[in-house]
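The values are calculated or read from the model by the stated rules, or taken from the named source; none is laboratory data. Since we're looking at a predicted model, the values are computed, not measured. Note that we place each Cβ from the backbone using ideal geometry, even for glycine, and neighbour counts take in every protein chain shown.
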Amino acid sequence: MKLAVKNLQNAEVGQIELSADIFGVTVRKDILHRVVNWQRARAQAGTHKTKGISEIQGTTKKPYKQKGTGNARQGSLRSAQMRGGATIFGPVVRSHEYDLPKKIRSLGLKIALSTKAAAGKLIVLDTTETNSHKTKELAAAFGKMGLQSALVIDGEKVGEKFALAARNIPQVDVLPAGGANVLSILKRDTLVITRAGVEKLQERLGGQES
């Protein structure tokens, strides 16, 4: 599949051939759902914690005698039913990460790219090289291209001046090709990939079975 290549002035400067095995894959929401859940699970800090009975400070003495007080029997002031007591089966510090097959992760990325291409939300940019690091100038260029919510994927690394200019623009994210992921692609309305980014993504995913 062919797509026009544009520059930052929104002028067409050529065309590029995109691999149908990467940008023309059948959309499967179930795969996207699995990969997004996997990414979110990996991002969870897992630092939530409540105290068990062994961690509650206080006496281990029986609050009052077993019988004759008219109250229910109690063995400890640190028990869950007492004010300030322990939490039973509460959350503990742990990792929420789990394994997902590499083929599913690769397929998810292909589907995410194909989703943007099928929706007409994919733009191929010639390069991110720019002489200015000013946010105002880059925001004006994005305005001409009609970009309000976008993810820009560059090649091996993002141009330094472009990254500086883009970091203060709301709803615009910039990533190198190696950091491209399903969640970031689906999070923004438009996907912008440079020529170098396309080459790196096709190199990264080209050897994987679809």
* **Single match in Y98, Y64 (criterion: touching a helix residue (DSSP H, G or I) at 6+ places or on another chain (Cβ under 7 Å), more than 27 Å from V198 (Cβ to Cβ), loosely packed, with under 12 Cβ neighbours inside 10 Å and not aliphatic (A, V, I, L, M))** => Y98
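Here is a yes/no grid of residues against (1) in contact with a strand residue (DSSP E or B) (Cβ under 7 Å, 6 or more places away or on another chain); (2) not hydroxyl-bearing (S, T, Y):
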position	(1), (2)
S54	no, no
N71	no, yes
G75	no, yes
A80	no, yes
H96	no, yes
K110	no, yes
S114	no, no
L122	yes, yes
D126	yes, yes
* Can you find even one residue in segment 178-199 that is assigned to a loop (DSSP other than H, G, I, E, B) and either more than 22 Å from the chain's Cα centre (by Cα) or on the phi > 0 side of the Ramachandran plot (or both)? -> no
* Asked: Under 6 Å by Cβ, and 6 or more places apart or on different chains, what pairs join a residue from segment 168-185 that is more than 16 Å from V36 (Cβ to Cβ) and touching a residue at least 12 places away in the same chain (Cβ under 8 Å) with one that is β-branched (V, I, T) and surrounded by 17 or more Cβ atoms within 10 Å (Cβ to Cβ)?
  -> V174/V152; V174/V158; L175/I153; P176/V158; A177/I153
* **Residues of segment 108-160 satisfying the condition of being out of contact with any helix residue (DSSP H, G or I) (no Cβ under 8 Å at 6 or more places or on another chain), closer than 15 Å to K187 by Cα and among the hydrophobic types (A, V, I, L, M, F, W, C)** => A119, L147
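Return the residue satisfying two criteria in turn: it lies in segment 125-157 and is in a strand (DSSP E or B) and under 19 Å from the mean Cα position of the chain (by Cα), and of such residues it is surrounded by the most Cβ atoms within 10 Å (Cβ to Cβ).
Start the filter on segment 125-157 by keeping residues that are in a strand (DSSP E or B), which leaves 125, 150-153.
If we keep only those that are under 19 Å from the mean Cα position of the chain (by Cα) too, we end up with 150-153.
Values: A150: 21, L151: 22, V152: 24, I153: 28.
Checking each candidate, the answer is I153.
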* Confirm whether I193 is among the hydrophobic types (A, V, I, L, M, F, W, C) and over 24 Å from A41 (Cα atoms). => yes
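Looking at segment 70-83, which of its residues are surrounded by 10 or more Cβ atoms within 10 Å (Cβ to Cβ) and either out of contact with any helix residue (DSSP H, G or I) (no Cβ under 6 Å at 6 or more places or on another chain) or among the small types (G, A, S) (or both)? Don't jump to the end; show me each part of the working.
Filtering segment 70-83 for residues surrounded by 10 or more Cβ atoms within 10 Å (Cβ to Cβ) gives 71, 73-82.
Scanning segment 70-83 gives N71, R73, Q74, G75, S76, L77, S79, A80, Q81, M82.
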* Structure fact -> Conditions (1) buried (at least 16 other Cβ atoms within 10 Å of the Cβ); (2) in contact with a helix residue (DSSP H, G or I) (Cβ under 8 Å, 6 or more places away or on another chain); (3) closer than 15 Å to F23 by Cβ -> G206 fails only (1)
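Given the criteria assigned by TED's automatic domain parsing to the domain that holds R34, β-branched (V, I, T) and within 25 Å of V27 (Cα to Cα), does I169 qualify?
On the way: assigned by TED's automatic domain parsing to the domain that holds R34: yes; β-branched (V, I, T): yes; within 25 Å of V27 (Cα to Cα): no.
No; evaluated as a whole, the condition is false for this residue.
Within segment 108-119, identify whether any single residue is surrounded by fewer than 18 Cβ atoms within 10 Å (Cβ to Cβ) and in the same structural domain as V172 (by TED's automatic domain parsing), and answer yes or no. Show your work before the answer.
Within segment 108-119, the subset surrounded by fewer than 18 Cβ atoms within 10 Å (Cβ to Cβ) is 118-119.
Applying the additional criterion that residues be in the same structural domain as V172 (by TED's automatic domain parsing) yields 118-119.
Scanning segment 108-119 turns up at least one residue that is surrounded by fewer than 18 Cβ atoms within 10 Å (Cβ to Cβ) and in the same structural domain as V172 (by TED's automatic domain parsing).
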* Structure fact -> Contact list, first residue from segment 100-124 and in a loop (DSSP other than H, G, I, E, B), second anywhere and of a type outside the set (S, T, Y), beta-carbon distance below 8 Å, six or more apart or interchain, is L100/R34; L100/V35; L100/W38; K121/D189; K121/L191
